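Structure first, then comments.
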Amino acid sequence: MQPTPRHLVLATLLALVTGAASVSAGAATITVNSSGDVVSNDGSCSLREAISAANGNAASGPMAGECVAGQVGGQDQILFAIAGPGPHTLQPASGLPDIVGSLSIDGYSQPGASANTLAGITEGFNAVLMIRLDGSQSGALSKPGLRVVGPGGSNVRIRGLEIFGYASPGCCADAGIVLSGATQNVSIVGNLIRNNNWRGVFTIGAHANARVGGPLAADRNMLHSQAGSAGIEMSDCTNCVVENNLIGIARNGNNQLIAAANLTGIGITGSPGSEVRDNWIGGNSSVGVLVSSLATQISVRNLSLIHI
């Protein structure tokens, strides 16, 4: 028998090592198949169960159709496949679990949903959203629509959701999405966040590299009718970006753009090295961009402040 050439032995060892690494850095795909809010071994996977399965790396139950376990080391994905015509409205009876690990939640995975394709910011927002997160039943002094908590809640993406109705009193329970603690690399793209009592997106704590919106048409968020405060409020968010969003602007039944006031479009405190660019801000009952005296090294450019 001929000896195996040394380079083949080394290649085989490298493949084994690489394969082991890819297994340890795996990620789970968790599919929400129910619009309910039940936590039980009933053969369905609710959003509440899906977030818990990703956080705890444990299946929601042994029955077929339950949420599979999240995995350690990679970015788990929560996708949607709820039967029947949409949009599907999810009404949590209490605050959903915090997101405390690397996770992607993608509402555009639901059949019938599609991301915005209108390139120009003044063209609007033609996304079709099939997953609606309604906070009207979540209870007083509960939680926001989704809360990402650091440092574990890093490398998170929230995409393709309509979030509304969070009006509980008290800090943060009346907002659509909240980043709390030292999160890193959180991306909020392609969402409609509307009619919450206080803020659409709120960052509170020592965050870094968060992004609300982005350069692509599909990244655009629409944030309006947060009447008590800001569409987006950044506090201590280092090197964060707010880009290509419609803020204080809604669409009517004919997909025409109309004014829909936030109190303030964007509020900024601290947040060194952060940038606000290429947004359309209109219809505010107070100011478009409010930069506090504590904000440092902030760049604001290509900003349209228009009442329509």
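Within the range 187-228, which residues are part of a loop (DSSP other than H, G, I, E, B), surrounded by fewer than 24 Cβ atoms within 10 Å (Cβ to Cβ) and not aliphatic (A, V, I, L, M)? Within the range 187-228, 195, 197, 209, 214, 215, 225, 228 meet the criteria.
If you take the residues in the range 225-263 that are of a type in the set (D, E, K, R) and under 21 Å from residue 180 (Cβ atoms), which one is nearest to the chain's Cα centre (by Cα)? First the steps, then the outcome.
Residues of the range 225-263 that are of a type in the set (D, E, K, R), as a first pass: 233, 236, 243, 251.
Right, trim to under 21 Å from residue 180 (Cβ atoms) and you get 233, 236.
Working: 233: 15, 236: 19 Å.
Only one residue fits best here, namely 233.
The set of residues from the range 194-208 being of a type in the set (Lys, Arg) and touching a residue at least 60 places away in the same chain (Cβ under 8 Å) comprises just one member, 194. Looking across the range 290-307 at every residue that is farther than 19 Å from residue 214 by Cβ and assigned to a strand (DSSP E or B), the one that is modelled with the lowest pLDDT is identified as 305.
Per the listing 173, 182, the residue uniquely touching a residue at least 24 places away in the same chain (Cβ under 8 Å), outside any strand (DSSP E or B) and surrounded by fewer than 18 Cβ atoms within 10 Å (Cβ to Cβ) is 182.
On inspection, residue 242 does not qualify as among the aliphatic types (A, V, I, L, M), in contact with a helix residue (DSSP H, G or I) (Cβ under 7 Å, 6 or more places away or on another chain) and under 19 Å from residue 119 (Cα atoms). Residues of the range 94-113 that are open to solvent by 50 Å² or more (accessible area, probe 1.4 Å), out of contact with any helix residue (DSSP H, G or I) (no Cβ under 6 Å at 6 or more places or on another chain) and either under 18 Å from residue 157 (Cα atoms) or among the small types (Gly, Ala, Ser) (or both): 94, 112. Residues in the range 144-162: is at least one of a type in the set (Gly, Ala, Ser) and part of a strand (DSSP E or B)? Looking for residues that are of a type in the set (Gly, Ala, Ser) and part of a strand (DSSP E or B), one finds none in the range 144-162, hence no. Looking only at the range 252-268, filter to residues that are assigned to a strand (DSSP E or B) and open to solvent by less than 40 Å² (accessible area, probe 1.4 Å); which one of those is farthest from residue 168 (Cα to Cα)? Among residues in the range 252-268 that are assigned to a strand (DSSP E or B) and open to solvent by less than 40 Å² (accessible area, probe 1.4 Å), the one farthest from residue 168 (Cα to Cα) is 268.
Do you know which of the residues in the range 114-144 that are of a type in the set (Ser, Thr, Tyr) and open to solvent by less than 40 Å² (accessible area, probe 1.4 Å) is farthest from residue 37 (Cα to Cα)? Restricting to residues being of a type in the set (Ser, Thr, Tyr) and open to solvent by less than 40 Å² (accessible area, probe 1.4 Å), the top hit is 142. Counting the residues of the range 229-251 that are assigned to a loop (DSSP other than H, G, I, E, B) and modelled with pLDDT of 90 or more gives 5.
The values are calculated or read from the model by the stated rules, or taken from the named source; none is laboratory data. Since this is a predicted model, take the numbers as computed values, not measurements. Reconstructed Cβ throughout: ideal geometry from the backbone, glycine too, with neighbour counts over all protein chains shown. Accessible surface areas use protein heavy atoms only, side chains included; no ligands, DNA or RNA. Shrake-Rupley method; radii C 1.70, N 1.55, O 1.52, S 1.80 Å.
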